[in-house]
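Enquirer: Below you will find the structure I want to go over with you.
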Amino acid sequence: MMTIIGNFLIYFLVTVGIVLLSGRRHLARDKRLATVVGALVILLPAGQAMPRSRATYPFIRWAMYSSTAPPRTYQEYLIRDDSGRVYHYPFEHIAFSSPRAFMIRLEQLVQACNCTGSDELVDDVIATFASIHRDRTGRTVTQFQVYEVPVTTGSQPPGPRTLRYTWRPKR
Amino acid sequence: MTSQGRWGWGTKQHASAVRLAVLGIWLMIVASTPYEQYARFPAGMSAGFGLGRLLLGHETLKSFFFSSPVLLALKWSAIVSCLLAILLPNRWRWLTPVVFVNILVLDLLTKAINGFANHAQLGPLFVLLVFAVFSDRDYLPLIRFRDAADAVPARDPPSRPPGGTAESGYASVVWLAGLMLIIPYTYIALNRLLQGGTELFLGDALLDYIAFNSRYYSAYESTVFVGWIQIPWLAAMLKGGYFVTTLFELTSVGVLFSQRFRLLWLVVIASFHFITLVSMNIFFWENLVLMAVIFGWGIWTRSPSPMEQGSLA
């Protein structure tokens, strides 16, 4: 709690400083502008100080690439279609601007089920991905697998994959 | 109006260009996102996210919003209202707040289903909020680019922000839009310094981020940096560039004061976004468009903008 309050104060002071430094003449003569900016000066640092964005969105924490310990593994979502070809599921079919969001959501669901298959929710989600893929490409997904892969640095090949989840269409 | 005036910061033309840019960005995002597909996902996948908890607090509301006809209606109403707001900026001013609410609802539904706070779209969301709140004639008496438009129609006289001039209304809106872009950059930099400290820049964290993001699936499919980060001098340059970028992010407020710093800031931050595209498959194209229009406007003119004159006074 003390960290949250301390962080809020730091970001609040910085925000007030930026606003006063750059916009005093705008704020001095306009109540509506001052009210809106006043609300933002509270809400933006509050969102930044909170550890989780889920509670405060759209006032969230801006913390990209701040940790000295980046993730050590990543997920691969490999599908096999009716032609027998195996490739990455094209998540851009689901979201044009942030396909990665759906990859992370699936990762969360697989982790939450703590199983390697036959979870009702995960199966339903993957079945929807498969159905959208068929609509977009005309190809039927016959297998969808989620792998966890250790990150290796530089030009070394990726580490050994660990199969985390397997989905096959119900007959 | 002289070309200097037209290209000055905080002018009518500048405010109109920023408004057009942010509406155009959202039109592109909404038109390209298959929102109607969200209805096909199981109900258990979605949960209220932030403000979206108010929208999806009840199961009935959740079923309503995640039904295909509602999602399609929201998508098409956003597209049509966005187009009309672009085409009829002066006549149908009430449309900008409508566009904002419509887009906010679509955005909250997206976040509810994927549970991911996409930072790339927050800048455009807050800039759109600015134009939604200040869409009336007090702030933007006339939204046009042409010189002939300087003559105000008698039927539709402009009012002025309390205590200000018509021109200062435009300047205030552009200032706030700019603020919505520079505050996140400042926060990111400050967070890096507070959380990561010098270890973040001296250690291999950046190289690990590059390795991680290059290997993670992306539509951009750039893996060129996976090999390059093994080259010592290139790795050192990347780390140095990372530190310099963080310093520029931290001092972003300078773009509101100095034209020279603004140009330098644009070069550094735009380069950073293009390098993250190639090295990490992450591209904030929305921010690039907005920063070009907000901070690149009239950068080639010599005289200080009205905002600079006011800020430095």
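Enquirer: Could you put B:Phe283, B:Phe225, B:Phe257 in order, starting from the residue whose Cβ has the fewest other Cβ atoms within 10 Å?
Expert: Ranking B:Phe283, B:Phe225, B:Phe257 by Cβ neighbours within 10 Å, fewest first, gives B:Phe257, B:Phe283, B:Phe225.
Enquirer: Can you give the FRET efficiency to the nearest 0.05 for A:Ala112 and A:Leu13, using r as the Cβ-Cβ distance and R₀ = 45 Å?
Expert: That pair, A:Ala112 with A:Leu13, gives E of 0.70.
Enquirer: Here is a follow-up. How shielded is B:196-207 by partner chains, expressed as the average number of their Cβ atoms within 10 Å of its Cβ atoms?
Expert: So the per-residue partner count for this stretch is 3.
Enquirer: For the stretch A:73-167, just run the numbers: alpha carbon Rg, then divide by 2.2 N^0.38 Å, N being how many residues it has.
Expert: For the stretch A:73-167, the normalised Cα radius of gyration is 1.08.
Enquirer: From the helices alone, meaning DSSP H stretches of at least four residues, give me the mean residue ellipticity at 222 nm for the protein assembly as shown, per-run term -39500 (n - 2.57), in deg cm²/dmol to the nearest 500.
Expert: -18500 deg cm²/dmol, from helical runs alone.
Enquirer: Hey, another quick one. Give me the count of lysine pairs in the protein assembly as shown whose alpha carbons sit under 23 angstrom apart, restricted to pairs 8 or more positions apart or on different chains.
Expert: Value for the protein assembly as shown: 4.
Enquirer: Semi-axes of the equivalent ellipsoid for the stretch B:23-79, please: Cα gyration tensor eigenvalues, times 5, square-rooted, ordered largest first, whole Å.
Expert: 21, 13, 10
Enquirer: Further question: Assuming 0.890 mPa s and 25 °C, estimate D for the stretch B:181-312 with Stokes-Einstein, Rh taken as the Kirkwood radius over Cα pairs, in µm²/s.
Expert: In µm²/s, the coefficient is 153.
Enquirer: Could you list B:Ile182, B:Ile282 in order of exposure, starting from the residue whose Cβ has the fewest other Cβ atoms within 10 Å?
Expert: B:Ile282, B:Ile182
Enquirer: Further question: For the stretch B:37-135, how big is Rg over Rh, using alpha carbon atoms and the Kirkwood form of Rh?
Expert: Result for the stretch B:37-135 is an Rg/Rh of 1.00.
Enquirer: Please express the shape of chain B as an equivalent ellipsoid: the semi-axes are the square roots of 5 times the eigenvalues of the C-alpha gyration tensor, given largest first in whole angstrom.
Expert: Over the Cα atoms of chain B, the ellipsoid semi-axes are 34, 31, 15 Å.
Enquirer: So, one more: In µm²/s, what is D for the protein assembly as shown at 37 °C and 0.692 mPa s, where D = kT/(6 pi eta Rh) by Stokes-Einstein and Rh is the Kirkwood radius from Cα pairs?
Expert: 136 µm²/s
Enquirer: If you scale each eigenvalue of the Cα gyration tensor by 5 and take the root, what three semi-axes come out for chain A, rounded to whole angstrom and sorted largest first?
Expert: 44, 20, 15
Enquirer: Treating the beta-carbon of each Lys and Arg as +1 and of each Asp and Glu as -1, no other charges, what is the dipole magnitude of chain B about its Cα centre, to the nearest 20 debye?
Expert: My answer is approximately 580 debye.
Enquirer: Of the peptides B:183-191, B:66-74, B:28-36, how do they stack up when ordered by the mean number of other Cβ atoms within 10 Å, highest first?
Expert: Top to bottom by mean Cβ count within 10 Å: B:183-191, B:28-36, B:66-74.
Enquirer: Can you pull the one-decimal nm distance between simple spin-label points at B:Phe257 and A:Met2, each 7 Å off the Cα toward Cβ?
Expert: 3.5 nm
Enquirer: Taking a cut-off of 15 Å, what percent of all Cα-Cα pairs in the stretch A:2-56 are separated by more than that?
Expert: 50 percent
Enquirer: Moving to a separate point now. Determine, for A:Thr15, A:Thr68, the number of other Cβ atoms within 10 Å of each Cβ, and report the residues in order from fewest to most.
Expert: The most exposed by this proxy come first: A:Thr68, A:Thr15.
Enquirer: Whose amide H sits under 5 Å from the amide H of A:Thr140, counting only residues 5 or more places off or on another chain, with H placed in the peptide plane?
Expert: For A:Thr140, whose amide H was placed from the backbone, the distant partners under 5 Å are A:Asp82.
Enquirer: Something else about it: If one computes the Cα centroid of the stretch B:186-244 and of the stretch A:67-120, what distance in Å separates the two points?
Expert: Here the answer is 23 Å between Cα centres.
Enquirer: Output ³J(HN,Hα) for the stretch B:83-99: one whole-Hz value per residue in order, computed from phi by the Karplus curve 6.51 cos²θ - 1.76 cosθ + 1.60 with θ = phi - 60°, and x for Gly and Pro.
Expert: Whole-Hz 3J(HN,Hα) from phi for the stretch B:83-99: 4, 5, 5, 6, 7, 10, x, 8, 6, 10, 5, 4, 5, 4, x, 5, 4.
Enquirer: Kindly give Rg over Rh for the stretch B:3-180, based on alpha-carbon atoms, with the Kirkwood expression for the hydrodynamic radius.
Expert: Radius of gyration relative to Kirkwood radius: 1.05.
Enquirer: Let me ask another. What is the spin-label model distance, in nm, from B:Trp300 to A:Phe96 if the labels are put 7 Å beyond Cα along the C-beta direction?
Expert: 3.0 nm
Since every read-out is calculated from the coordinates, none of them should be taken as a lab result. Quick caveat, the model's predicted, so the values are computed rather than measured. Cβ coordinates were reconstructed from backbone atoms using ideal geometry, including for glycine residues, and neighbour counts include every protein chain displayed.
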